[in-house]
Structures are given as C-alpha cells and as structure tokens.
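In what follows, a structure is listed as structure tokens, so that the remarks can point back to it.
The values are calculated or read from the model by the stated rules, or taken from the named source; none is laboratory data. Since the model is a prediction, treat every value here as computed from it, not as a measurement. Because the Cβ atoms are built from the backbone with ideal geometry, glycine has one as well, and the counts that use them run over all protein chains shown. Side chains are part of the model used for accessible areas, which takes the heavy atoms of the whole protein and leaves out ligands, DNA and RNA. Shrake-Rupley method; radii C 1.70, N 1.55, O 1.52, S 1.80 Å.
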Amino acid sequence: MGATLLYGVRRLDAAFFQTANATAGRHRGRSFDRQEERHCSIWSNCLDSFDALRVKVFTHRSAGKVKANISSTLKAHLIRGAVYLLLLLAVCVIPFALGQRSATNSAVDVAKMPSAVGVSSTSRAPETQGSISPPPESTPITLWNQYNNAGSAVTLSATFFDSPALNSDLADDFVVPAGQNWWVRGIDVDGAYFKGSGPANSFNVFFYYDNGGFPGLQIYARYNTTQWTQIGSTFTIHISDDCPPCQPILYSGRYWVEVQAFMTASCCGEWGWTDRTATDLNAAVWQNPSGFFGACQSWSRRGATCGLDSSAPDQVYRLNGAIILLPTPTPRVTPIPRPRPIPHPRP
C-alpha cells in the first residue's frame, strides 16, 4: 500500500513541475523563484513523510511476523511441556492406583482366610525362568527331602512391591543330624502363581533357629536373589551362587527354612508354596504381620490355627548342598611306663 501511494505522489510531483516550467516563460521575477522553492520544499517533505510511512508499515509488518513466530514457538513449547507433564503423572500415578486397587481386591474378604490359598497347578508346560544353574561339577546332593505327598493347594508366601499389606511368611522345619555340618547350596520348592501368571521379580530365603517348635532367631537371610530357575512347578533357588562364601553352613540341630517370592501384585499376581499332606517334625507355620487377612499376625500353625488348607499341614521342598563330616578324634595312646632298674649294693 505504501509503495502505491508513493508512486502516485511522485507522478503528481512530475506533473506539477511540468506545469511550473510552462508557466516560467510567462512569469518572471524573484517571487516565482520563492514560490517554486516553497513548492519544492513542501513536496520534498511530503515525499519524506511517505517514505517514512512506507518504512513504518514495513517495520510494523516485520515486527508482527516476528512476534507471531515467537508466539507460535512459545505455544509449541508450552504444549509439549504440558504433554510431558501429563505422561509423567500417568507413569507415577497409574501404577500406584493399580497397586491400591490390588491391595483391596487381590484377596477376598479379610474375614475369609482361604483367600491366602491358591490352587496348585503342575499340568502347565515346563518353562524356565530366572537365572543361571550351578555348574555340573558343583551340583549339590540332597540334604533334606520332603518333595512328595503334594496336596492340591498352595499357600501364599510372598512380599509385594505394590501391596505390602499382603506380605506373608511361610516356613517349615528340618534337622541336621548329629555329627554333620550342612553346607546349603540351594533349595527346591514346589509352588505356583495364582491370581496372576507371574513371574516373580526375585526370591528371599531365610533360615532360623528352632525356638520351642517355632522359628526363633534368624541366622541367615538372602534377599532378592535372581539366581533361580523354574521348570514346571519346581522353583530352584540357588543360594548365593554368585558368592560361595555367603552360603550358609548349619551345624547339627533343628532349624526352620522360609522361601518367599518378591512380587508385583498389580501385574503378576501372587505366589504360593505347595502344601503337603504328610508331616515331618512340626507342621508348617505362617504369618501375615499386617493383619490384612484378619488372623495370624505372628508365627502360627498354618493349618490348625490359621485355617489354611488344614488337610495338608506341611510344605513340599528339599534342601541341596554338601555334607561336611566332623573329624573323628583319634584316641591318644597312653605310653606304658618303663620299669626303672633297682640298684643293688655292691658286695
């Protein structure tokens, strides 16, 4: 628009000077020169004004474009930041909400203790999960064997990342015979996932002294080991294969062992240890420290007291490792004193 106005003004300026030149032949004198000079000054100012107007219009348009570009860029950054914030909130809040829902719904009414019992399933196709197996040259022998008389149910023995109220412990006892020390390398437990298909994140293994027929002082703890495999319903936990000096050595006496899965309930459900219809030594014990299930907040008989699968009061498992025999002391031979000669008087 400014260019069009300037072009028209310049045409008017040319026409004016043509008229002025034609009139110059008829008019003489100094007065015309002043008028001509005045006219030139006026039209020069007009031209300068239109030039300034054109520059101002161009500058205004350019500034508008720059502001528009800055505004659109700022809006794009704000929208992108808002999207990232929503994604972050979704990642943080949704798993928490699912975990809270799982804590409420993953087990049935707290007054019904059978909610901590699942169904044993040994008919699935064998699958392998977890980590490495011990090398063949160090394959342990069986130290204690209760891998028989499996019942039809499993009892919850797990700690949960997202539902700590469900955390439960299950333990069974065994005896190290007199004259032996056991170097425990691993444990096989029969078990199954329920209310989900797994897998477990890791496993915990604990050993306790016996205290009047119940677990007493904890003498060994292996937390969150990933050194485990699963074949069918058999879960093999390799105790500290990555740290041989950390493996427990048990002297003769009675002990309790606990195997506990570390689970994420919202995605993978729960894990249970298979119950056993026969009983060796004491019946298995169970506890739910939070009281979520309404009973047995401390160690109690799983079947008789807690009412969990009372027809199968023990657990299916076996301990593997090596026997360290104590050396038999060699009897010391008592030396027979040699008779001392009796001196005789000289004749």
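Points to keep in mind about this one:
- Contour excess over end-to-end distance, with Cα ends at Asn181 and Leu325 and 0.36 nm allotted per residue: 51.2 nm
- Surrounding net charge for Ala150, when Lys and Arg each add one and Asp and Glu each subtract one, Cβ distance under 11 Å: -2
- Cα gyration tensor shape of the stretch 192-248, rounded if a/c is under 1.5, else prolate or oblate by comparing a/b with b/c: oblate
- Using a probe of 1.4 angstrom and keeping all protein chains present, the accessible surface of the stretch 138-223 works out to 36 square angstrom per residue.
- Carbon and sulfur %, accessible surface of the stretch 153-256 computed with the full protein complex present, 1.4 Å: 56
- Each other residue within a Cβ distance under 15 Å of Phe262 adds +1 if Lys or Arg and -1 if Asp or Glu, for a net charge of -3.
- Formal net charge of residues neighbouring Gln218 (Cβ-Cβ distance under 13 Å; K, R +1; D, E -1): -2
- Overall form of the stretch 190-288 per C-alpha gyration tensor (a/c, 1.5; a/b vs b/c): oblate
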